[in-house]
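Notes follow the structure.
Just so it is clear, none of the values below were taken in a lab; they were calculated from the coordinates. None of the values given here were measured: they were computed from a predicted structure. For neighbour counting, all protein chains shown are included, and Cβ atoms are generated from backbone atoms with ideal geometry for every residue, glycine included.
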Amino acid sequence: MHDHFIIEMLWIKDGNVKVWDVSYEDEQILRADLYTEKRKQKCPSCGNKTKRVHGYRNQMIQGPRLVQGKVTVSLRKRRYACGECGKTFYERLQMIERYQRALTSVQNEALMYAADSSFTTAARWAGISVTRLIRLFDRREMKTPTVLPRAIAIDEFKGDAGGERFQTIIVDVERKEIVDILPDRKVDTIKKYLRSCDTSGVEIVVMDLSKWFKKAVRDVLGDPLIIADRFHFMRQVYWALDEVRRDVQGELDKKSRIHMKRSKKLLWKSHYDLNEEQKLKVEKLLQIDPKLREAYELKNLMEQWFRESDHETASKQLDKCLEALRASNTEGFKRVRKTFMNWRQEILQAFMYPFNNGYIEGVNNTIKVMKRTSYGIKNFERMRNKILWNQEMKMAMGS
Ligand SMILES: [Zn+2]
């Protein structure tokens, strides 16, 4: 095997590392014996330059896994002596970091692999221990922007980390990138974060219908344009419909109850997207109880408003919806009406600007997978870094 091929295969960037010998220890282990050429070194304690060799030591280093078997590296490391202060020290190399047992390239690949799989899977794949990989991971600092962009979104997600059920995520809405993740969703935490950043360029904030988020934003940013996230306000409508469905369901006999329960998705489905067969099924369900019919029609009305309005018609059409909601006696829809009246301005802004929190779904999926497959993700910093690392790798891959 050619020497340069070995150096390339091991991703060694040090120009003075050379191949002495390559051999098979057995069928599964390829052994590469490497040595270094003399090079001027800077003394770590006094900064003096030296070329004085003090001695050598052989270090066994773990190389990459191959399809069948693995690579082991034996490195003849050089120890230098400073001519000025007399200190002796090992040469600095990119291929192996101090106190590490695996090649830098192997560690880097394991870290890259851990971006979208569990630490356990990544460690096993690279052939290093899970605790070592997690230690490597925790050592890295994930840098996040301190100058916030023009349009940000604030949202919460259920991360269950650091003793808090919910965490807060800050997103650059226009670039669709996570800006940062905060340990909880308390007003003070959000205010402290916003104060730690340069927020002078922030003009637009997209958020769910949380008055606490609104308070934190108003307290720190003054009077930015606040847009209610469409997913969050429309969700209220579906929840209200579902409350009625469950009420009706509870009054049915067992067989019909199961049928009603299984029809949740069908009732939630947009009436624009129903085929003829589904329309008949829905009609049969609605015949069971007039309350359900009323709720379903209100949902359709809201959906129609949401789908067909633009920034010119949204306000007028919303008034019609609120009027229809006023006639309803169900608690759920009374609540919808109240919310929509309280957040009217922010909701109507959603028709002016095409911003929403769609990214959060992707984040939630990442976290779900992480929770399922990773241990140690209860640690908030680690969870935060893993989400940010996942994003960084995705962007690096251009996807
Ligand atoms: Zn020295």
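Points to keep in mind about this one:
- Each Lys and Arg adds +1 at its Cβ and each Asp and Glu adds -1 at its Cβ; summed about the Cα centre, the range 1-159 shows a dipole of about 980 debye.
- Only aspartates and glutamates eight or more places from residue 281 in sequence, or on another chain, were considered; those with a Cα closer than 16 Å are 273, 289, 297.
- Among the listed pairs 264/284; 158/191; 13/394; 269/368; 158/386, those with a Cα-Cα distance over 22 Å are 13/394; 269/368.
- Computed extension length for residue 188-residue 79: 33.9 nm, one decimal, from 0.36 nm per residue of separation with the Cα-Cα distance subtracted.
- Taking the chain as a Gaussian network of alpha-carbon nodes connected by springs under 10 Å, the highest mean-square fluctuation of the residues 120, 36, 50 belongs to 50.
- Among the chymotrypsin sites (Phe, Trp or Tyr not before Pro) found in the range 41-110, those both in a DSSP coil and sparsely packed, with 12 or fewer other Cβ atoms within 10 Å of their Cβ, are 99.
- Gained length - residue 395 relative to residue 307, 0.36 nm times residue gap less alpha-carbon distance: 28.5 nm
- The mean sequence separation of alpha-carbon pairs under 8 Å and at least six residues apart, normalised by the residue count of the chain, gives a relative contact order of 12 percent.
- Computed over the range 98-246, the quotient of the alpha carbon radius of gyration and 2.2 N^0.38 Å is 1.34.
- Take every DSSP beta bridge whose two residues both sit in the chain; close to 65 percent of them are antiparallel.
- Amide N of the range 86-127 lying under 19 Å from the label point, which is placed 7 angstrom from the Cα of residue 52 along Cα→Cβ: 86-92
- 13 Å cut-off, amide nitrogen to a point 7 angstrom out along residue 27 Cα→Cβ, residues in the range 57-80: 68-69
- Vicinal HN-Hα couplings computed from phi for the range 4-19 (Karplus, 6.51 cos²θ - 1.76 cosθ + 1.60; Hz; Gly/Pro x): 5, 5, 4, 4, 6, 4, 8, 6, 8, 9, 6, x, 9, 8, 10, 8
- Added length on full extension, which subtracts the Cα-Cα distance from 0.36 nm per residue, residue 368 to residue 66: 105.6 nm
- Within the chain, longest stretch clear of exposed GluC sites (Glu not before Pro) (DSSP loop, no more than 16 other Cβ within 10 Å): 313-399
- Loop sites in the range 18-98: trypsin sites (Lys or Arg not before Pro), DSSP, at most 16 other Cβ within 10 Å: 38, 39, 40, 51, 52, 87, 92, 98
- Those trypsin sites (Lys or Arg not before Pro) in the range 131-196 that DSSP places in a loop and that have at most 13 other beta carbons within 10 Å: 140, 143, 150, 175, 176
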